[in-house]
Amino acid sequence: MAPACGASKDAGGSASSATSSSTGSGGGSGSCALAANTTATSTVTNGCARRTRDTNACQAARKAQGLGGAWLEFSCRVTLTKTSTSVQAVSDSQPDHPSSYFATSNNCYEAYKTSFPNPNLIAAQSLTVSVPLTPTTTKTNMGLGFVGVAVNGVAIFDNQAAPGDDIFLEAGSFDRCGGHPQQQGQYHYHGEPYAISFDDAALIGVLRDGYFVYGRRDADQSLPTLDASGGHTGTTADSPTPVYHYHLNQQTSTGATTAGQKQWFLTTGTYHGTPL
Ligand SMILES: [Zn+2]
């Protein structure tokens, strides 16, 4: 299992170096290959463009496996394999959008000055997430490591930093699009991923217990009332039948140095069900 964000102190804490710079070169001379089959839209948040993802190349194969609904929205960079009881998603966890955490020589690098140092650089991973086709309703605390995968193949982590560290402080190390790499270079999102969603009802990904996670809003644009796991039962753009699903949820810091600060997170630290 990949180390937890917290266990590896992914955001550093060493004030000696920051990987991002406002005076960077702007990347290599070519285009970012990871962003192939995406189109940047005019919705830009924090300098990060929301992207649409062209999934034509993998739609037929997915449907032939019996996959439908939300699964058809996952980028073709995510390899999906269905069994009788589960869906396995495999990706390299690299973002399909620019980041200040790529090496400056990488075509996907973009300059950005974060407020909190993180000395790590993005490295390709072998991320495998298997989720149950029929989720349970046995609430489970999130342990170490990734807790889900986003539609673009990036790992989803929970709402915790390393013991003793403050995730609200570490949020200052997120890049323009809301992610950062941990010590082994695994890029991940804890919060709102602006290249996928901003204050909307977009599908963001799936958590390891098999429930999907959406943006702040329901499909009718209302702000849902969420339970302690950050979800509720209702219809979604992918399901006309009411189903349990998670949403981005806003949390308020009780930390010593960040008390009162608010952040949107993809999890509350508790699964509604049980991971495989
Ligand atoms: Zn909802």
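No lab work stands behind these numbers, since they all come straight from the coordinates. All values reported here derive from a predicted model rather than from experimental measurement. Glycine also receives a Cβ, built like all others from the backbone with ideal geometry; neighbour counts cover every protein chain displayed.
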Legend entry - Note, ³J(HN,Hα) from phi for segment 170-180, Karplus 6.51, -1.76, 1.60, rounded to Hz, x at Gly and Pro: 5, 4, x, 9, 5, 7, 3, 9, x, x, 7
Legend entry - Residue exposure sequence - His232, His247, His180, His97 - by fewest surrounding Cβ within 10 Å: His232, His247, His97, His180
Inset, instruction - Mind sorting Phe265, Phe102 by how few other Cβ atoms lie within 10 Å of their own Cβ, fewest first? - result: Phe265, Phe102
Legend entry - Sites Ser130 and Ala64 - FRET efficiency at Förster radius 25 Å, r taken between beta-carbons, to 0.05: 0.80
Legend entry - Net lengthening on full extension, Lys82/Asn107 (0.36 nm per residue, minus Cα-Cα): 5.6 nm
Inset, instruction - Would you kindly state the longest site-free stretch of the chain, with sites defined as trypsin sites (Lys or Arg not before Pro) in a DSSP loop (not H, G, I, E, B) surrounded by at most 16 other Cβ atoms within 10 Å? - result: 140-276
Inset, instruction - Would you mind ranking Ser239, Ser105 by Cβ crowding within 10 Å, fewest neighbours first? - result: Ser105, Ser239
Inset, instruction - May I ask for the distance between the Cα centers of segment 209-253 and segment 67-85, given as a whole number of Å? - result: 20
Inset, instruction - Using the Karplus curve 6.51 cos²θ - 1.76 cosθ + 1.60 with θ = phi - 60°, work out ³J(HN,Hα) for each residue of segment 112-118 in order, rounded to whole Hz, and write x for Gly and Pro. - result: 6, 9, 8, 8, 10, x, 9
Legend entry - Segment Ala259-Thr233, length gained on full extension (0.36 nm per residue, minus Cα span): 6.3 nm
